[in-house]
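Undergrad: One structure is given below, represented as structure tokens, and several questions about it will come after.
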Amino acid sequence: MTQNTLLEVEHISKNFGVVQALKDVSFPIYEGEILALVGENGAGKSTLAKIIAGVHTQSEGRIVFDGEALACKTTREARAKGIAIVLQEFALIPHLSIAENIFLTSKEMYQQGVWQNHQKMVEETEALFKRTMIDFDLDPNEKVQNLSVAQQQYVEIVKALSTNARLIILDEPTSALSQKEVQHLFALMQNLNANGVTLIFVSHKLDEIFTISDRIVVFRDGVFVKEMETSASNEQELIKAMVGRDVGDLYSIRHRAPQDERLLEVAALRNGFSPETPYNLHLDRGEVLGLFGLVGSGRTELMRSIFGADPIMDGSVVIKGKQTAGKPLKMAIQSGFGMLPEDRKNQGLLLEQSIHDNIFLAYTANRAHFFRNLKEEKRQAEQKIKELRIKMGSVNNPVNSLSGGNQQKVAFAKWLLVQPDVLILDEPTRGIDIGAKFEVYALIDQLANQGTSLLLVSSELPEILALSDRILVMNQGQVVKELDHSEASEELIMYYCTMDLDTIGTIGGTHGNN
Amino acid sequence: MGTIEMDKTKHTRMGGLHNFRSEYSVEIMMFLVFLLLCALISVLTPRFLSAGNIRNLFWQATTVGIIAIGQTLIILTAGIDLSVGGIMAISAMLGGLVMSNTSLGAGITTVLLTGLGVGVLNGVLVSYARLAPFIVTLGTLSITQSLTYVITDGSSITGLPAGYRFFGYQRVFGLPLYTIVLIGLFILGHIMLKKTKLGRFLYAIGSNEEASRLAGVNVKFNKMIAYSITGLLCAIAALILTSRLGAIDPDTGSGIELDTIAAVVIGGASMSGGKGSLVGTLIGVFFITVLHNGLNLIGVSPFWQGSAVGAVIIISVLLDSMLRSR
């Protein structure tokens, strides 16, 4: 690879009020490479990406692009120079068409500065689609609101191409994509790269970083830590650089011997997601049952209907001998259920309420008397915060002042106070950094050893494999396979969750019963 | 993350006073502005601080204050109640009719039950029928006001029994009963919000309804309670107001929904729920009362007073958002 420097980051610092997000960061970006910017949440990787693209302005230092010092105060100025960014929250207008979104601010598409040249827009959009060499089969006239997240992201990337971007920055692009869509995105990135576009890929997902990048730059606490050639590095080394200490194997296998006591029995449960499929499953005391399936396989819907969050059609859910199907949620919780929902921000936490009130929400709703015992609450909250090592200033601060990992620990604390027998965890490590992941894994292990049973949904295979005693694989709304941890492997699970249902049927997959 | 965390630890060390200051930062700010307003008016007109005028202020704050308590509970859940004036009118009017034909006791009971009844109706429609609070209460406002005119054919009820004067004129320990009721209800409400389950739930629901539900909070029931309490408070306010006036007019309470909402907002509550307090609402109620009263004393035309109140609402929200983005 020719190592022409395309962009030089020189002594960049950035302060947000009293918080220093970046401290004297310098490194080069070479023309034609795919560079991964890596670090835990809050490490400063996204901030730097946004400074390069003109979203933020640096407090000190300078960016030299193509031999010229940049001073872009807006993304529009950066685009004009050839730098585009695709943010996690897309900058698309939902009720305009794809073509209109792509050429929204392009002067050439308007006659006398007012009238839109519709035909030209559509043609140019199609030409851009061709340039990507990926066929998404999109109609340029389709409204953006009708597109999936992956398709919208594609439109953002095409929009970047429309301004002839030489450098495209993708900020955590895979966080909302399914595995298949990630493959698609990577193919697209490689095509762009082959066409001479330099890419910056901001991520904290190790496997993706190793799949797609040429070079890795690691940040920690706002400081540049290390740069390395991807091919000459490995996961251990990268984790060490990110976390700043040796952490051992992230996915060290932990299994336990569940006790011989049936805690949960789900029989012939049917929900609205897959009306023809009756679900049967069971859970013993101290067992971790992993549930794996691709996005859209019905795993979250199944969890929610077992918990009672959504109405079911029929069937029975018996926890410790008590029937909770069709009963109010409060009864399910008082019978021993708890659930950490998938979407922490919209379903799990009261974001602008205090840490204290979040920790006590479930307890207050299910255990407390009408008058709160504030002293006792304070004591218990402090104890949980210590146990779970929640890093925070005051329990009176709003929970959205915490990092993702600490927010998730608050969500855990909320349920630990009501001491559930069966705790449902839907993507418990989504959007949290590696350090916090470790702690969540240790907590799951500890809970199981103490006799709590866990239903664990995750889209990260290594996570499911490391933590589960048994694994159920879901595919198109059905539980297609049950695997013991001793026989499970990534390949086997991927096989069952992607195969055509008829094929699986012929090779003798049971439907989750035993 | 290091810098952020260190910064926050520093705050905790300052202890309880700091907690109070951070929990009530908006309220404290509004209270200071309120004191400034009082000082300004008392410089412009010495009559403002006379005993007579202060009694007057407390009377003027009573009706709005009592209802603003309920409005706060509802706004905390991210709802709104536009029907409060209508509830006052219909409960007073029905009560007055019953009173004229039977006994004082039956009349008072009717007032309270009618208020509670319309509140429950609002609550059921909002919670269980999942209708938008704005629409539901706009509807019940219209219905209650119209029914009030229907049942009396648009006329007032006068000649109320002598015993009815109790609510408006009774004094306890030298203070008017209604002032004690106002302050008592604020204290009760404050304790309810801070120290009981119901209070926590109202904040939780307004902050994130789905998260509250998944944690086992009975969202529908608790929302219904907030509307029901408000209905009852409207009836109490109606009793006091009509007792003091000595007559029940069909337009009793008209326009009070805006004053109560304004008071809650000036007190720092967020219309999107989860944020606010009765301490703030109490300040908001007196802010509006003093503003009207002061402008009257100074001799500002009533036509201008609406502009003043409007400006205060907008400025207080502006202050709040500036305070938060800091």
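The values are calculated or read from the model by the stated rules, or taken from the named source; none is laboratory data. Values in this document were obtained by computation on a predicted structure and should not be read as measured data. Here Cβ is always computed from backbone atoms with ideal geometry, including for glycine, and neighbour counts include all displayed protein chains.
Undergrad: Assess whether B:Lys275 counts as being crowded, with 19+ Cβ neighbours inside 10 Å, within 14 Å of chain A (Cβ to nearest Cβ) and basic (Lys, Arg).
TA: yes
Undergrad: May I ask you to verify whether B:Ala215 is crowded, with 17+ Cβ neighbours inside 10 Å, touching a residue at least 24 places away in the same chain (Cβ under 8 Å) and not charged (D, E, K, R)?
TA: Details: crowded, with 17+ Cβ neighbours inside 10 Å: yes; touching a residue at least 24 places away in the same chain (Cβ under 8 Å): no; not charged (D, E, K, R): yes.
No.
Undergrad: Could you list, in sequence order, all residues of segment A:411-441 that are within 14 Å of another protein chain (Cβ to nearest Cβ) and farther than 28 Å from A:Lys240 by Cβ? Even if it seems obvious, please write down each step before you answer.
TA: Our first condition is that a residue be within 14 Å of another protein chain (Cβ to nearest Cβ); within segment A:411-441, this holds for A:411-420, A:423-426, A:432-436.
Across segment A:411-441, the qualifying residues are A:Ala411, A:Ala413, A:Lys414, A:Trp415, A:Leu416, A:Leu417, A:Val418, A:Gln419, A:Pro420, A:Leu423, A:Ile424, A:Asp426.
Undergrad: Taking the criterion of being touching a residue at least 12 places away in the same chain (Cβ under 8 Å) and over 25 Å from B:Asn53 (Cβ atoms), would at least one residue in segment B:297-308 satisfy it?
TA: No, that holds for no residue.
Undergrad: A further question follows. Scan A:Glu181, A:Glu156, A:Glu227 and give me the residue that is out of contact with any Asp or Glu (no Cβ under 6 Å at 6 or more places or on another chain) and surrounded by fewer than 16 Cβ atoms within 10 Å (Cβ to Cβ). Break it down stepwise before answering.
TA: Working: A:Glu181 fails: surrounded by fewer than 16 Cβ atoms within 10 Å (Cβ to Cβ); A:Glu156 fails: surrounded by fewer than 16 Cβ atoms within 10 Å (Cβ to Cβ).
Matching residue, one of A:Glu181, A:Glu156, A:Glu227: A:Glu227.
Undergrad: Is it the case, given these coordinates, that A:Ala99 is over 30 Å from the mean Cα position of the chain (by Cα) and either closer than 22 Å to A:Leu188 by Cβ or of a type in the set (Asp, Glu) (or both)?
TA: Details: over 30 Å from the mean Cα position of the chain (by Cα): no; either closer than 22 Å to A:Leu188 by Cβ or of a type in the set (Asp, Glu) (or both): yes.
In short, no.
Undergrad: Can you tell me which residue among A:Gly39, A:Gly67, A:Gly82 is without any contact (Cβ under 8 Å) to a residue 60 or more places away in the chain and of a type outside the set (D, E, K, R)? Step through it out loud before you land on a result.
TA: Working: A:Gly39 fails: without any contact (Cβ under 8 Å) to a residue 60 or more places away in the chain; A:Gly82 fails: without any contact (Cβ under 8 Å) to a residue 60 or more places away in the chain.
One residue alone meets the criteria, A:Gly67.
Undergrad: Right, another one. List the strands (runs of 3 or more DSSP E) that sit entirely inside segment A:280-398 and contain at least 1 residues that are more than 21 Å from B:Asn208 (Cα to Cα), under 28 Å from the mean Cα position of the chain (by Cα) and among the hydrophobic types (A, V, I, L, M, F, W, C).
TA: On the way: elements: A:288-292, A:312-319, A:337-340.
By residue number, A:288-292, A:312-319.
Undergrad: With the requirement that a residue be buried (at least 22 other Cβ atoms within 10 Å of the Cβ) and either among the β-branched types (Val, Ile, Thr) or modelled with pLDDT under 85 (or both), what does segment A:452-496 give you?
TA: Result: A:Thr452, A:Val457, A:Ile464, A:Ile471, A:Val473, A:Val479, A:Val480.
Undergrad: Still on this structure, please answer the following. Which one is farthest from the other protein chains (Cβ to nearest Cβ), of the residues in segment B:197-224 that are on the phi < 0 side of the Ramachandran plot and not in a helix (DSSP H, G or I)? Walk me through it before giving the result.
TA: Going through segment B:197-224, the residues on the phi < 0 side of the Ramachandran plot turn out to be B:197-215, B:217-224.
Pick out the ones that are also not in a helix (DSSP H, G or I) and you get B:208, B:215, B:217-218.
Details: B:Asn208: 5, B:Ala215: 4, B:Val217: 4, B:Asn218: 6 Å.
Looking at residues that are on the phi < 0 side of the Ramachandran plot and not in a helix (DSSP H, G or I), I get B:Asn218.
Undergrad: Just name the residue that is nearest to the other protein chains (Cβ to nearest Cβ) out of those in segment A:320-339 that are touching a helix residue (DSSP H, G or I) at 6+ places or on another chain (Cβ under 7 Å) and surrounded by fewer than 22 Cβ atoms within 10 Å (Cβ to Cβ).
TA: Residues of segment A:320-339 touching a helix residue (DSSP H, G or I) at 6+ places or on another chain (Cβ under 7 Å): A:320, A:322, A:324, A:329-330, A:332-334, A:337-339.
Filter once more, keeping what is surrounded by fewer than 22 Cβ atoms within 10 Å (Cβ to Cβ): A:320, A:322, A:330, A:334.
Working: A:Lys320: 17, A:Lys322: 15, A:Lys330: 5, A:Gln334: 8 Å.
Among residues in segment A:320-339 that are touching a helix residue (DSSP H, G or I) at 6+ places or on another chain (Cβ under 7 Å) and surrounded by fewer than 22 Cβ atoms within 10 Å (Cβ to Cβ), the one nearest to the other protein chains (Cβ to nearest Cβ) is A:Lys330.
Undergrad: Still on this model: Pick from A:Ser305, A:Ser316: which is in contact with a strand residue (DSSP E or B) (Cβ under 9 Å, 6 or more places away or on another chain), surrounded by 22 or more Cβ atoms within 10 Å (Cβ to Cβ) and either among the hydroxyl-bearing types (Ser, Thr, Tyr) or modelled with pLDDT of 90 or more (or both)?
TA: Numbers: A:Ser316 fails: surrounded by 22 or more Cβ atoms within 10 Å (Cβ to Cβ).
Step by step, each of A:Ser305, A:Ser316 is checked, and only A:Ser305 is in contact with a strand residue (DSSP E or B) (Cβ under 9 Å, 6 or more places away or on another chain), surrounded by 22 or more Cβ atoms within 10 Å (Cβ to Cβ) and either among the hydroxyl-bearing types (Ser, Thr, Tyr) or modelled with pLDDT of 90 or more (or both).
Undergrad: Does at least one position in segment B:71-84 carry a residue that is under 12 Å from B:Thr252 (Cβ atoms) and at pLDDT 95 or above?
TA: yes
Undergrad: If you don't mind, there's one more thing I want to ask. Quick test of your reading of the structure: B:Ile225 fulfils all but one of (1) at pLDDT below 90; (2) within 30 Å of A:Asp310 (Cβ to Cβ). Name the failing condition by number.
TA: Single failed check for B:Ile225: (1).
Undergrad: Just for segment A:352-372: of the residues that are touching a Lys or Arg at 6+ places or on another chain (Cβ under 9 Å) and more than 7 Å from chain B (Cβ to nearest Cβ), which one is farthest from A:Val295 (Cα to Cα)?
TA: For segment A:352-372, the residue satisfying everything is A:His369.
Undergrad: Now for a separate question. Taking into account only those residues within segment A:373-392 that are at the interface with chain B (Cβ under 8 Å from one of its Cβ atoms) and in contact with an Asp or Glu (Cβ under 8 Å, 6 or more places away or on another chain), which is farthest from B:Gly199 (Cα to Cα)? Let's see the steps before the verdict.
TA: Of the residues in segment A:373-392, the ones at the interface with chain B (Cβ under 8 Å from one of its Cβ atoms) are A:374, A:391-392.
With in contact with an Asp or Glu (Cβ under 8 Å, 6 or more places away or on another chain) added as a condition, the list becomes A:391-392.
Details: A:Lys391: 27, A:Met392: 25 Å.
That would be A:Lys391.
Undergrad: Return a yes/no flag: does segment A:443-457 have any residue that is in a helix (DSSP H, G or I) and at the interface with chain B (Cβ under 10 Å from one of its Cβ atoms).
TA: First pass over segment A:443-457, keeping only residues in a helix (DSSP H, G or I): A:443-449.
Next cut, at the interface with chain B (Cβ under 10 Å from one of its Cβ atoms) only: none.
Scanning segment A:443-457, I find no residue that is in a helix (DSSP H, G or I) and at the interface with chain B (Cβ under 10 Å from one of its Cβ atoms), so the answer is no.
Undergrad: Across segment A:101-135, which residue is surrounded by the most Cβ atoms within 10 Å (Cβ to Cβ) among those that are touching a residue at least 24 places away in the same chain (Cβ under 8 Å) and in a loop (DSSP other than H, G, I, E, B)?
TA: Within segment A:101-135, the first condition is being touching a residue at least 24 places away in the same chain (Cβ under 8 Å), and the residues that meet it are A:101-103, A:105-106, A:124-125, A:128-129, A:131-134.
Pick out the ones that are also in a loop (DSSP other than H, G, I, E, B) and you get A:103, A:105-106, A:133-134.
Numbers: A:Phe103: 24, A:Thr105: 11, A:Ser106: 14, A:Met133: 13, A:Ile134: 19.
Top of the filtered list is A:Phe103.
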